[in-house]
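Here's the structure, in structure tokens; my notes come after.
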Amino acid sequence: MNISSTAGLIGYAGLAAYVASKWAVRGLTKASALDLGPTIRVNSIHPGPIATPMTAGLGDGTVATQRIPRYGRPEEVTAAVLFLLSEESSFMTGAELAVDGGAILGSITPVT
């Protein structure tokens, strides 16, 4: 299993090197899933804004427009990791699991 970021699913202005590295993890996941299946499953997790020292100074504006407008907790990413490592995900390979409060949805407006 690989840990990427939402930056591996969408682009972010001013973070080209970071975005490129996260897209590389995504590509590695796909290629490895093809090369190693069916004996080894390879998936990736793409956390969004998580309350860690890395995001400490960003403020609430960063998450205000997400569908779940808060920072994620590290244990929420851990739960996704444990799921992908478990037999409950035994039919998944090459998958991308976003743990992001809906951050990658961007400006999609729900129909009400």
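Which whole-Hz couplings ³J(HN,Hα) result when phi for each residue of the range 36-41 is put into the Karplus expression 6.51 cos²θ - 1.76 cosθ + 1.60, θ = phi - 60°, listed in order with x for Gly and Pro?
So the Karplus estimates, Gly and Pro as x, are 9, x, x, 7, 10, 8 Hz.
Taking 0.36 nm per residue of sequence separation and subtracting the Cα-Cα distance, how much length would be gained by fully extending the chain between residue 28 and residue 65, in nm to one decimal? If you can, show how the numbers build up before the last one.
Numbers: separation 37, 0.36 × 37 = 13.32 nm, distance 3.04 nm.
Difference between extended and current length: 10.3 nm.
With a cut-off of 8 Å between alpha carbons and a minimum separation of six or more residues, what is the relative contact order of the chain in percent? Intermediate results must be reported in sequence, preceding the final value.
Numbers: 167 pairs, mean separation 37.3, N = 112.
After rounding, I find 33 percent.
Per residue of the chain, what 222 nm ellipticity follows from adding -39500 (n - 2.57) for every DSSP H run with n ≥ 4, rounded to the nearest 500? Could the numbers behind the result be given before it?
Working: 2 runs with 33 residues, N = 112.
So the helix-based figure for the chain works out to -10000 deg cm²/dmol.
Volume per residue, Å³, of the convex hull around the alpha-carbon atoms of the range 1-61? All intermediate terms of the calculation are to be shown ahead of the outcome.
Values: hull volume 5.3 nm³, N = 61.
Taking only Cα atoms, the range 1-61 has a hull volume of 88 Å³ per residue.
With a sphere of radius 15 Å drawn around the Cβ of residue 42, what net charge do the other residues whose Cβ falls strictly inside it have (Lys, Arg +1; Asp, Glu -1)? Write out the running numbers ahead of the final one.
Values: positive: 26, 30, 41; negative: 35, 96.
Around residue 42, the charge tally is +1.
Just to confirm the number: angle between the C-alpha axis of helix 74-85 and the first principal axis of the chain, 0 to 90 degrees, nearest 10?
Between helix and principal axis, roughly 20 degrees.
With a sphere of radius 14 Å drawn around the Cβ of residue 80, what net charge do the other residues whose Cβ falls strictly inside it have (Lys, Arg +1; Asp, Glu -1)? Don't skip to the answer; put the middle values down first.
Values: positive: 73; negative: 75, 76, 88, 96, 100.
Once all neighbours under 14 Å are counted, the net charge is -4.
Could you list which residues have their amide H under 5 Å from that of residue 50, counting only those 5 or more apart in sequence or on another chain, with H placed in the peptide plane?
Amide H neighbours of residue 50, under 5 Å, 5+ apart: 72.
Enumerate the amide H contacts of residue 3 below 5 Å, restricted to partners 5 or more residues apart or on another chain; note that Pro and chain-start residues carry no placed amide H.
Residues meeting the criterion, in which the H sits 1.01 Å from N, are 45.
How large, in percent, is the carbon and sulfur part of the accessible surface of the chain at a probe radius of 1.4 Å? Write out the running numbers ahead of the final one.
Numbers: 4500 of 6930 Å².
The nonpolar share, carbon plus sulfur, comes to 65 percent.
Name the residue from 72, 36, 23 whose Cα lies farthest towards the positive end of the charge dipole of the chain, charges +1 on Cβ of Lys and Arg and -1 on Cβ of Asp and Glu.
23
Figure the gain on full extension for residue 82 and residue 39 (residue separation times 0.36 nm, minus the Cα-Cα span) and round it to one decimal in nm.
On the way: separation 43, 0.36 × 43 = 15.48 nm, distance 1.88 nm.
Full extension of this stretch gives 13.6 nm more.
If you take the beta carbon distance between residue 17 and residue 96 as r and set R0 to 25 Å, what does 1/(1 + (r/R0)^6) give as a FRET efficiency, to the nearest 0.05?
Details: r = 21 Å, r/R0 = 0.83.
E(calc), rounded to 0.05, equals 0.75.
Using the Karplus equation 6.51 cos²θ - 1.76 cosθ + 1.60 (θ = phi - 60°), what ³J(HN,Hα) coupling, rounded to whole Hz, does each residue of the range 59-70 give in order, writing x for Gly and Pro?
Those phi angles translate into x, 6, x, 4, 10, 4, 9, 5, 5, 10, x, 7 Hz.
Here are labelled values, [x] 1.12; [y] 1.18; [z] 1.54, and one is the computed Cα Rg over 2.2 N^0.38 Å for what I pasted. Which one?
Among [x] 1.12; [y] 1.18; [z] 1.54, the one derived from this structure is [x].
What do you get for chymotrypsin sites (Phe, Trp or Tyr not before Pro) in the range 1-67 restricted to DSSP loop and a cutoff of at most 15 other Cβ within 10 Å of the site's Cβ? Let's see the in-between values first.
On the way: sites: 12, 18, 23; in loops: 12.
Qualifying residues, ordered by number: 12.
Return the long-range amide H neighbours of residue 98 (sequence gap of 5 or more, or a different chain), with a cut-off of under 5 Å between placed amide H atoms.
46
Using alpha carbons only, how many angstrom separate the centre of the range 1-45 from the centre of the range 50-76?
For the range 1-45 versus the range 50-76, the Cα centre distance is 21 Å.
The values are calculated or read from the model by the stated rules, or taken from the named source; none is laboratory data. Quantities reported herein were computed from a predicted structural model and do not represent experimental measurements. All Cβ positions, even for glycine, are placed from backbone atoms using ideal geometry, and neighbour counts span all protein chains on display. Side chains included, ligands, DNA and RNA excluded: accessible areas come from the protein's heavy atoms. Shrake-Rupley method; radii C 1.70, N 1.55, O 1.52, S 1.80 Å.
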